[in-house]
């Protein structure tokens, strides 16, 4: 069971969020926006995500076929690699992130995106600490992850408390929320000193709250800090399962990114 303070805080957050829409209402001020209408990736803000050993990173690529612009939107693709001599990965995916270029202090981040489905597709919008960090102790905030053709997305936090100690139910560290799988949806998270509130299309999903009675050594709430933003198409891995190449290419179309801070 949650502690009483956690229950009360969750109730307060729920009431406050239900009384407002998304965007700049309820005291949120828009301070930065990326709308991709220039038709090129702004390299002063974004870099291509890097190939790595983690499941999500094994197919990341700078291949130009994984990136496009359509109607003022950025398109990130997952494709079958047809040249294994040039790159040994069976699949290639496009992704962008802001590390070393733009940090997001605690506030509200929203991303409007449309997700195609495919077997093994795993698009994600997420936050990692800006600068050097230790995972999972320094925290990770997953604003959106979708698997395959699901009609819902996952919104999740990771930390020493949830990952190493395995405490994912006190408070609940992940939940799902329905989306319109055939259209654009707005995925968001609000980072406060004592909670993270997740929402989709302005509808509150859940809040992950800090438990002030716990020792900081447990790493239950390491989230009040600056972040890099990652937006990437991903393919394959233990969680999403095997890729069916006959369902590729698959696209993640991003309309805009908006960052707000609380005026008060």
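Read-outs: derived from the displayed coordinates by stated rules, not from any lab. Bear in mind that the values here come from a model prediction, so they are computed numbers and not experimental data.
Observations on the structure shown:
- Cα convex hull of the chain - mean projected area over all directions, nm²: 14.0 nm²
- The fraction of all Cα pairs in the stretch 162-264 landing in successive 5 Å bins from 0 to the largest distance is 2, 8, 15, 18, 19, 16, 12, 6, 2, 1, 0, given as whole percents.
- In degrees, nearest ten, helix 4-18 long axis to first principal axis of the chain (Cα): 60 degrees
- Ellipticity estimate at 222 nm from DSSP helix runs (n ≥ 4, -39,500 (n - 2.57)) divided over the chain, nearest 500: -2000 deg cm²/dmol
- Look at where the Cα atoms of the stretch 75-97 and of the stretch 171-239 average out, and the two centres are 28 Å apart.
- Three-way shape call for the stretch 222-264 based on the alpha-carbon gyration tensor, with the a/c threshold at 1.5: oblate
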